[in-house]
Amino acid sequence: MNAIVDAGAIDPVAHLFGEPVTELPQDLYIPPDALRVLLESFEGPLDLLLYLIRRQNIDILDIPMAAVTAQYMQYVEAMQASRLELAAEYLLMAAMLIEIKSRLLLPRPVSSEEGDELDPRAELVRRLLEYEQIKLAAYELDRLPQAGRDFLLVAVLFEKEAVVRLPDVGPADLKSAWLAILARARRQQHHKVQLEALSVREQMSHILRLLAGGRYLPFQDLFDTTRGVPLLVVTFIAVLELVKEKHILVTQDEGYVPIYVRLAGAGTAREGSLVEQAA
Amino acid sequence: MSETPEKLDDAERAHLKKVLETALLVATEPLPVATLKQLFTVPSGAAVLNELLDAIAHDWNGRGVELVRLASGWRFRARLEMQPYLERLHPEKPPRYSRAVMETLAIIAYKQPVTRGEIEEIRGVTVSSAIIQALKEREWIDVVGHKEVPGRPELLATTRAFLDDLGLSGLSDLPPLAELGNLVLPEPAPAAPASEV
Amino acid sequence: MSETPEKLDDAERAHLKKVLETALLVATEPLPVATLKQLFTVPSGAAVLNELLDAIAHDWNGRGVELVRLASGWRFRARLEMQPYLERLHPEKPPRYSRAVMETLAIIAYKQPVTRGEIEEIRGVTVSSAIIQALKEREWIDVVGHKEVPGRPELLATTRAFLDDLGLSGLSDLPPLAELGNLVLPEPAPAAPASEV
């Protein structure tokens with residue numbers, strides 16, 4: 001009973017498990033060799049007792065205590081000879097059987113208020129029946145198909161790693177990042193973090209992109225006239241800002257000829273690392 | 001509940017079934033309808049999905065794999081009759097639990113929640129820690145609380161994984177307990193103080 | 001090599017295909033033909049099995065799962081197009097950019113066009129090349145020119161893809177800095193000089 005997993009070997013006694021024991025021969029005699037095997041296969045004193053009762057075709061509700069107790073003791077003695085460590089629980093049952101038997105011999109006490117007589121065997125009968133019920137249930141459970149033992153589960157591959165997930169960023173994340181910078185900047189007073197109109201900065205980047213690659217552009221090409229006056233104003237401010245920061249050069253050869261705009265470094269020593277014109 | 005199956009045209013049905021089938025084939029555990037709903041951005045009602053799942057299950061009739069509805073959801077599994085073939089690829093015998101384990105499991109399954117002491121009372125023997133441990137490791141039982149008696153023993157119950165692994169959709173699917181018999185006293189007194197199941 | 005495909009009748013073919021399909025659906029790794037042979041007590045040649053496997057693969061055309069032949073054997077796997085659906089079932093926690101990346105991105109967004117030196121000046125710590133590289137690879141920033149100062153450093157700005165990915169129609173949709181200015185208190189702890197992605 002200590003083994004979690006059965007070896008799988010099917011010996012005749014294993015057939016006891018869950019099958020009607022009454023099919024076994026009616027005789028009480030069990031050869032000593034068989035007894036050892038038998039004891040190994042019992043799950044405990046209730047199991048053994050149940051076996052004895054069923055084997056002798058005794059009505060469980062009418063157990064002849066003397067006969068059963070005598071037989072039970074025979075088994076316990078045999079067990080003590082071979083597997084003493086198993087015997088304690090069996091001895092307890094033997095004591096219980098003898099107690100029941102002795103109580104049956106005594107005059108019956110009136111035990112309950114209503115005056116009902118309690119048969120000392122009642123509790124034993126209840127336990128035997130309950131155990132037998134569980135024994136059968138265990139057998140039925142074991143017969144149910146089990147995942148892994150009796151059927152396999154489908155396991156189709158899903159290659160999740162095929163796509164690398166990139167972090168999600170939202171405007172709120174930028175905001176909190178900026179707040180962190182600002183908080184640090186306040187602590188380090190020498191940093192002056194200026195607040196400027198964003199749209200000017202956007203146009204500054206836009207203009208630099210238009211001029212990327214060292215192109216000369218007519219001044220008016222910097223302006224998108226389809227998106228309203230505010231954008232024109234912002235673009236103009238952006239041009240002034242870029243000139244001030246020396247990012248671009250604005251040139252006009254003489255009055256009333258087109259004004260051209262180019263990157264400040266363009267036309268001099270330009271490396272090839274300038275980005276290409278992007279749309 | 002927002003849609004009726006009739007509303008789906010054939011192409012939509014085919015698409016939903018394809019996605020559902022794929023999700024169930026790659027799933028490593030049973031998927032409840034509530035989870036399957038998340039496959040789609042356009043929400044489908046549970047009734048629609050269940051109808052589609054039944055249809056998928058039907059599509060797999062006669063094949064080596066079946067779609068079954070378990071305690072924790074739907075899952076594909078190989079049919080029992082395929083096992084003899086599949087075992088040839090995996091010859092190592094999967095463990096068969098001993099009677100002691102199965103009786104302990106049966107008591108937990110049918111009498112839950114139950115303490116180890118109560119199991120021992122029914123079985124009439126001490127229940128080894130190894131048995132309880134083995135069942136816990138299999139994730140078939142777990143501790144659902146403690147009984148408010150001295151020692152506060154663990155209250156044991158079976159898990160959804162237990163039902164799933166045995167192909168059951170609920171505890172009510174367990175094989176019914178055999179009749180306990182009429183617990184009348186042997187001879188004269190009819191009222192037994194026996195506890196009923 | 002003992003049989004040719006012609007020898008199999010329809011029922012035999014169907015049976016072999018059913019067993020093969022089932023074995024492949026429950027397998028957790030690719031199965032080579034040599035292994036699949038073991039499914040059957042009556043030996044089938046590799047040519048027969050490969051032909052049957054090709055037929056099974058063909059049966060799965062148009063479904064969410066495909067049977068593919070890999071170096072180590074045959075295996076079923078979900079088609080790539082199913083990925084968006086399947087990922088909804090297992091929403092992974094999306095990775096997050098480090099604070100260094102986010103601050104760098106914020107500075108580029110709000111102060112563009114800006115050089116790396118200017119970013120460092122605002123953040124008070126060096127900005128690693130890896131951060132700039134990561135943002136460039138994401139195509140959220142690019143170089144819009146070079147500042148005409150010694151070294152001609154790159155001028156960095158955000159891209160249209162950045163606006164699109166953040167759901168903004170323009171930079172003016174960013175939370176306005178003027179309002180943010182009043183929300184912050186100086187940080188108590190000194191800034192960590194971390195500069196990794």
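Throughout, read-outs are computed from the coordinates displayed, never taken from laboratory work. Nothing here was measured: the structure is a model prediction, and the numbers come from that model. All Cβ positions, glycine included, derive from the backbone under ideal geometry; neighbour counts span all protein chains shown.
Farthest toward the positive end of the dipole of region B:99-177, out of B:GLY145, B:ILE131, B:GLY117, is the Cα of B:GLY117, where the dipole comes from beta carbon charges about the Cα centre. Within the shell defined by Cβ-Cβ distances under 11 Å, the residues around B:PRO30 carry a net charge of +1, with Lys and Arg each +1 and Asp and Glu each -1. For region C:58-74, backbone phi angles converted through the Karplus equation (6.51, -1.76, 1.60; θ = phi - 60°) give residue-by-residue couplings of 5, 4, 8, 4, x, 9, x, 10, 10, 9, 10, 9, 9, 4, 9, x, 8 Hz, Gly and Pro being listed as x. Qualifying GluC sites (Glu not before Pro) in region C:46-152, where qualification requires a DSSP coil assignment and no more than 14 other C-beta atoms within 10 Å, comprise C:GLU92, C:GLU139.
Given +1 at the Cβ of Lys and Arg, -1 at the Cβ of Asp and Glu and no other charges, the dipole of region C:5-87 around its Cα centre is 180 debye to the nearest 20. Cα centroid separation, region C:1-73 to region B:100-160: 45 Å. Placing a label point 7 Å from Cα along the Cα-to-Cβ axis, B:ALA34 is separated from the same position in the other copies by 4.9 nm, shortest listed first.
Per-residue 3J(HN,Hα) values for region C:110-127, derived from phi via the Karplus relation 6.51 cos²θ - 1.76 cosθ + 1.60 with θ = phi - 60°, read 7, 10, 5, x, 9, 8, 4, x, 5, 5, 5, 5, 6, 6, x, 9, 5, 10 Hz in sequence order (x marks Gly and Pro).
Extension gain for the segment A:GLN74 to A:ASN57, taken as residue separation times 0.36 nm less the Cα-Cα distance, is 4.3 nm to one decimal. Using the Karplus relation 6.51 cos²θ - 1.76 cosθ + 1.60 with θ = phi - 60°, the per-residue 3J(HN,Hα) values for region A:240-251 come to 4, 4, 5, 5, 4, 7, 6, 7, 10, 10, 10, 10 Hz, with x marking Gly and Pro.
Neighbours of A:VAL233, meaning other residues whose beta-carbon lies under 14 angstrom from its beta-carbon, give a summed charge of -2 when Lys and Arg score +1 and Asp and Glu score -1. Label-point spacing at C:GLY151 relative to the other copies reads 7.6 nm, in ascending order, each point sitting 7 Å out from Cα along Cα→Cβ. A Förster distance of 45 Å, applied to the separation of the beta-carbon atoms of A:LEU92 and B:ASP173, puts the FRET efficiency at 0.75.
Every pair of different Cα atoms in region C:99-177 enters the Kirkwood calculation, which places the hydrodynamic radius at 12.7 Å.
Given the pairs B:LYS18/C:LYS37; C:LYS17/C:LYS37; B:LYS17/C:LYS37; B:LYS37/B:LYS136, which span a C-alpha to C-alpha distance of over 21 angstrom in this model?
Numbers: B:LYS18/C:LYS37 30 Å; C:LYS17/C:LYS37 12 Å; B:LYS17/C:LYS37 32 Å; B:LYS37/B:LYS136 31 Å.
In this structure, B:LYS18/C:LYS37; B:LYS17/C:LYS37; B:LYS37/B:LYS136 lie more than 21 Å apart at Cα.
Residues whose amide H comes within less than 5 Å of that of A:LEU152, counting only those at least five positions distant or on another chain, are B:ALA78 (H built at 1.01 Å from N in the peptide plane). Take the Cβ atoms of C:ALA14 and C:GLU81, set R0 to 30 Å, and the FRET efficiency comes out at 0.55. All C-alpha to C-alpha distances of region B:5-87, sorted into 10 Å bins beginning at zero, yield P(r) values of 16, 51, 25, 7, 1 percent in whole numbers.
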